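A.B. asks: First the structure, then my questions, so here it is.
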């Protein structure tokens, strides 16, 4: 097995592996890089390059304290935040999101998102547009694996689906979106920690790498002989692509922020790279990396931000630990895409799995509220500078234009060039629609 550099450690499964990225064991506990590239062989490389950046607001952010403030409600409902006008007349948002207020003409706040089955914490509905209840054999795939399967890679040296989220204390918080019945070959490429330094050859020459690849081919030939299902068929071509990633340096360059204009890095702001509790980092660098990765050729990039499950101290937590970092990083991403002429080719969505209770509890927090939540969409060549949906006076129920998670996913599929009525087969061989009967949001197109 070809290994680059790094120190050894023993993992919980008892197997000694390197912390470095290896061609034979990338990221997901033995999943090979050639396996992650299998989609290219199955579907070919598309010439178009539309991309999606999805930001999961871990634990469900308070919709009524961000984009849907209710100043006419009683104090125990409306809370302490105040609205500020944006650069779009008639659209007000939270006073602690001044950067987003300045670019609201490039955004679409969603105020009536629904679809969470029971208020359980899970990124699943954000990543798939579907409930995790009553799944088909193998499970529903997230948007990243679907795009990997149907569209393949836009560039042979860049995986089509990249997940920047590190593991978290609550595993669903750290999920980049699961491949479901599409299989691990379409799972997210998840470079993190020391692995980033090992996407380049360093002291190993390309000639020496090619010599070592001969040994790898011999080992893989043995594995094919003992694989009765032929699961490794075509691995030689896929290994060639894996070697191409390492030798091209394109992916490593995308992760190298030293190549970025310092003024741009500064615009994204500073945060904290450590996980927030059992959630995700509040790391503006991930927003910038997402832009660099789609610029390099990635089709879908997911990242997770913070931990918004504010059952207590909702307002101090949002004001002091989350909103300022998120406001600056997201607005910088949207502006950056626009300034680079990429906003028509990259769609951005930021949301959580449900909303928060209208009633503020005794601990100054808001609890789970699956009836309605919110989010924001930008880019994609969409009709921006508008609000979609509304809630009642208390922010408790949908008053107009319900927006299901699946409708947003149908919109993203249409944008990226995939018919939402496309069918793929689950592990039982049954055809399954990508989107469960939901249509794209016509307001966006």
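The values are calculated or read from the model by the stated rules, or taken from the named source; none is laboratory data. On a predicted model such as this, the values are computed, not experimentally measured, just so you know. Every residue, glycine as well, gets a Cβ built from its backbone with ideal geometry; the counts of neighbours run over all protein chains shown.
A.B. asks: Test residue 336 against the stated conditions and say whether it is outside any loop (DSSP other than H, G, I, E, B) and under 22 Å from the mean Cα position of the chain (by Cα).
C.D. replies: Criteria met by residue 336.
A.B. asks: Please work out which one of (1) touching a strand residue (DSSP E or B) at 6+ places or on another chain (Cβ under 6 Å); (2) surrounded by fewer than 24 Cβ atoms within 10 Å (Cβ to Cβ) is the condition residue 278 fails and give its number.
C.D. replies: (1)
A.B. asks: So, in the range 387-430, of the ones that are free of Cβ contacts under 8 Å to residues at least 24 places away in the same chain, touching a strand residue (DSSP E or B) at 6+ places or on another chain (Cβ under 9 Å) and within 29 Å of residue 346 (Cα to Cα), which residue ends up surrounded by the most Cβ atoms within 10 Å (Cβ to Cβ)?
C.D. replies: So the residue we want is 420.
A.B. asks: Among the residues in the range 165-174, are any touching a helix residue (DSSP H, G or I) at 6+ places or on another chain (Cβ under 6 Å) and at pLDDT below 60?
C.D. replies: No: the range 165-174 contains no residue that is touching a helix residue (DSSP H, G or I) at 6+ places or on another chain (Cβ under 6 Å) and at pLDDT below 60.
A.B. asks: Moving to a separate point now. Go through the range 152-174 and give me each residue that's outside any strand (DSSP E or B) and within 22 Å of residue 346 (Cβ to Cβ).
C.D. replies: 152, 153, 154, 156, 157, 159, 160, 164, 165
A.B. asks: Still on this structure, please answer the following. Do we find that residue 303 is in contact with a strand residue (DSSP E or B) (Cβ under 6 Å, 6 or more places away or on another chain), at pLDDT below 95 and either surrounded by 14 or more Cβ atoms within 10 Å (Cβ to Cβ) or farther than 19 Å from residue 188 by Cα (or both) in this structure?
C.D. replies: no
A.B. asks: For the range 55-129, which fully contained strands (runs of 3 or more DSSP E) count at least 3 residues that are within 24 Å of the chain's Cα centre (by Cα), modelled with pLDDT of 95 or more and crowded, with 19+ Cβ neighbours inside 10 Å?
C.D. replies: Passing ranges, in order: 107-114.
A.B. asks: Name the residue, out of 329, 298, that is modelled with pLDDT of 95 or more, under 21 Å from residue 273 (Cα atoms) and buried (at least 24 other Cβ atoms within 10 Å of the Cβ).
C.D. replies: Just a single option satisfies the conditions, and that option is 329.
A.B. asks: Hey, another quick one. When you check residue 409 against the structure, is it under 26 Å from residue 299 (Cβ atoms) and not in a loop (DSSP other than H, G, I, E, B), yes or no?
C.D. replies: So residue 409 fits the description; yes.
A.B. asks: A further question on this structure: Could you tell me how many of the residues in the range 339-367 are surrounded by fewer than 21 Cβ atoms within 10 Å (Cβ to Cβ), under 22 Å from the mean Cα position of the chain (by Cα) and touching a residue at least 40 places away in the same chain (Cβ under 8 Å)?
C.D. replies: Here the count works out to 3.
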